[in-house]
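K.L.:
Encoded as structure tokens, here's the structure I'll be asking about.
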């Protein structure tokens, strides 16, 4: 779970999703305060070593795009947990994000 903040939202959503499955022996690795490409690459290497997938709550569009690019490059599934909601809210509210990384 990658986040540009603490990572609590991503972890809680991941745990809620995992609770819907019988196999509960899955480790969640939280990687908070992601603010550079190197950390993203490290996450993909970690997922590759552990046969994992990545979920993320990155607010900045360029970070979300980089995650999509790395997902294709590494052939590892990466799920954007917040981007689609942010994009819809921008349209609905007719307002741009202001990147409040609380």
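Please treat every number below as a calculation from the coordinates, not as lab data. Treat the numbers as computed from the prediction; the structure is a model and nothing was measured. Positions of Cβ are generated from backbone atoms using ideal geometry, with glycine treated the same way; all protein chains shown enter the neighbour counts.
K.L.:
Note the angle between two axes, namely the Cα long axis of helix 8-18 and the longest principal axis of the Cα atoms of the chain, as a number of degrees from 0 to 90, rounded to the nearest 10.
P.N.:
50 degrees
K.L.:
Right, another one. Among 36, 25, 80, which comes first, then next, by fewest other beta-carbon atoms within 10 Å?
P.N.:
25, 36, 80
K.L.:
Arrange the following residues from fewest to most other Cβ atoms within 10 Å of their Cβ: 71, 5.
P.N.:
5, 71
K.L.:
Further question: Helix 61-74 sits at what angle to the longest principal axis of the chain, using alpha carbons and giving 0 to 90 degrees rounded to 10?
P.N.:
That works out to roughly 30 degrees.
K.L.:
Using alpha carbons only, how many angstrom separate the centre of segment 1-39 from the centre of segment 65-80?
P.N.:
Centre-to-centre (Cα) distance: 15 Å.
K.L.:
Same structure again: Given the -39500 (n - 2.57) contribution per DSSP H run of 4+ residues, what per-residue ellipticity at 222 nm results for the chain, rounded to the nearest 500 deg cm²/dmol?
P.N.:
After summing the helix terms and dividing by the residues of the chain, the value is -15000 deg cm²/dmol.
K.L.:
Given a 10 angstrom Cα cut-off, can you work out which residue in 81, 12, 70 is the most mobile in a GNM of the chain?
P.N.:
Looking only at 81, 12, 70, the biggest GNM fluctuation is shown by 12.
K.L.:
Right, another one. Helix 83-93 versus the longest principal axis of the chain: what is the Cα-based angle in degrees, 0 to 90, to the nearest 10?
P.N.:
For helix 83-93, the angle is close to 20 degrees.
K.L.:
Based only on other Cβ atoms within 10 Å, what is the fewest-to-most ordering of 56, 74?
P.N.:
Going from least to most buried by this count: 74, 56.
K.L.:
Taking a ≥ b ≥ c as the square roots of the eigenvalues of the Cα gyration tensor of segment 2-93, is the shape rounded (a/c under 1.5), prolate (a/b larger than b/c) or oblate?
P.N.:
oblate
K.L.:
Then there's this: Based on the Cβ-Cβ distance from residue 18 to residue 42, what FRET efficiency comes out when R0 is 22 Å, to the nearest 0.05?
P.N.:
Plugging the Cβ-Cβ distance into 1/(1 + (r/R0)^6) gives 0.45.
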